[in-house]
Amino acid sequence: MKKVTVIISAKGGAGGSFLTAGLGMALAKREKSVLVIDCVSGMRSIDFMLGISDKIVFDLGDALTRNCNTENAVYQSVFSDILYVMPAPQENTPVSPDVFKNMLETLGYDHILIDCHANDFAYGLSRHFQTVIAAETEPLSVRCGNRVLLECKKNRCRDIRFVINRFNEKEFFDSGFFNDLDEVIDQIGARLLGIVPRDNELSFAFQKGQPVKNKSKAVFALDRIAARLDGIDIPLF
Ligand SMILES: Nc1ncnc2c1ncn2[C@@H]1O[C@H](COP(=O)(O)OP(=O)(O)O)[C@@H](O)[C@H]1O
Ligand SMILES: [Mg+2]
């Protein structure tokens, strides 16, 4: 059974795309076929991160408007031969969530990950699928995370989780913004799915669209979140 997860950034730069690309990679390592769909019209990033930007002919907009067959807008990533990308349109392509949902139903992957902005058509989609909000432990990101959560709830989204991204323990405690992580979790108000540490090497690899060689804490954290998305019951810490 295919599992669709919508990933929404609490605020720009919180790492929604990083998390989507990283989880795609981690699920593929679990030998699950994955399609990552970039929904951020006009500001593609997944194609770049997963190394297919120079191959694009058709994109999500073409697939949704039937300008091409769905499979023509799908590209194999450089990271794995079971990790695929459907790039975002360069122009905004307004389309009803139902058209999108119907397209998803025709696709045969173990997992579909959707990279979205909070003000896109994410809410229309995440009503049907699991939603993951990416947030950082800064007050502004936490407030935005809570706003996104409230919007999701208003739109009757089910199964909403969040991931703390780009976490740095020393800076978290030195900053004094929060006493502990429980305070962050309470203020965002959703269930925590995992914590991804800051990892500049992985960020650089994504920015070069090059495979990651290191086995860092962030890669390990992404592996654990992917296992949870894959239905394996493993503890958070
Ligand atoms: N855990 C992390 N460690 C280091 N850099 C990160 C991490 N998460 C995101 N980044 C970097 O931060 C920048 C913004 O991330 P991005 O995923 O594009 O944010 P968003 O999609 O939420 O706007 C990118 O350069 C990305 O590589
Ligand atoms: Mg993004």
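The values are calculated or read from the model by the stated rules, or taken from the named source; none is laboratory data. Owing to the predicted nature of the structure, the values given are computational and were not obtained by experimental measurement. All Cβ positions, glycine included, derive from the backbone under ideal geometry; neighbour counts span all protein chains shown.
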**Request:** Among residues belonging to region 204-221 that are more than 16 Å from ligand 2 (Cβ to nearest atom) and assigned to a helix (DSSP H, G or I), point out the one that is farthest from I164 (Cα to Cα).
**Result:** K208
**Request:** Name the one entry in R198, R224 that is touching a Phe, Trp or Tyr at 6+ places or on another chain (Cβ under 8 Å), surrounded by 15 or more Cβ atoms within 10 Å (Cβ to Cβ), at pLDDT 90 or above and not β-branched (V, I, T).
**Result:** R198
**Request:** Would you mention how many residues in region 24-60 are under 17 Å from the mean Cα position of the chain (by Cα), of a type in the set (S, T, N, Q) and not in a loop (DSSP other than H, G, I, E, B)?
**Result:** 0
**Complete:** Filtering region 68-86 for residues that are touching a Phe, Trp or Tyr at 6+ places or on another chain (Cβ under 7 Å) and outside any strand (DSSP E or B) leaves a count of 5
**Fill in**
With criteria (1) farther than 28 Å from D159 by Cβ; (2) of a type in the set (F, W, Y); (3) touching a residue at least 24 places away in the same chain (Cβ under 8 Å), F206 comes up short on (1)
**Fill in**
Taking region 6-31 and keeping only residues that are within 12 Å of ligand 1 (Cβ to nearest atom) and of a type in the set (G, A, S), one is left with S9, A10, G12, G13, A14, G15, G16, S17, A21, G22
**Message:** Take residues that are touching a residue at least 60 places away in the same chain (Cβ under 8 Å) and not hydrophobic (A, V, I, L, M, F, W, C) and tell me which of the helices (runs of 4 or more DSSP H) falling wholly in region 109-192 contain 2 or more.
**Reply:** 139-154
**Message:** When the residues of region 2-54 are narrowed to those that are away from ligand 2 (no atom under 14 Å from the Cβ) and on the phi > 0 side of the Ramachandran plot, which ends up surrounded by the fewest Cβ atoms within 10 Å (Cβ to Cβ)?
**Reply:** E31
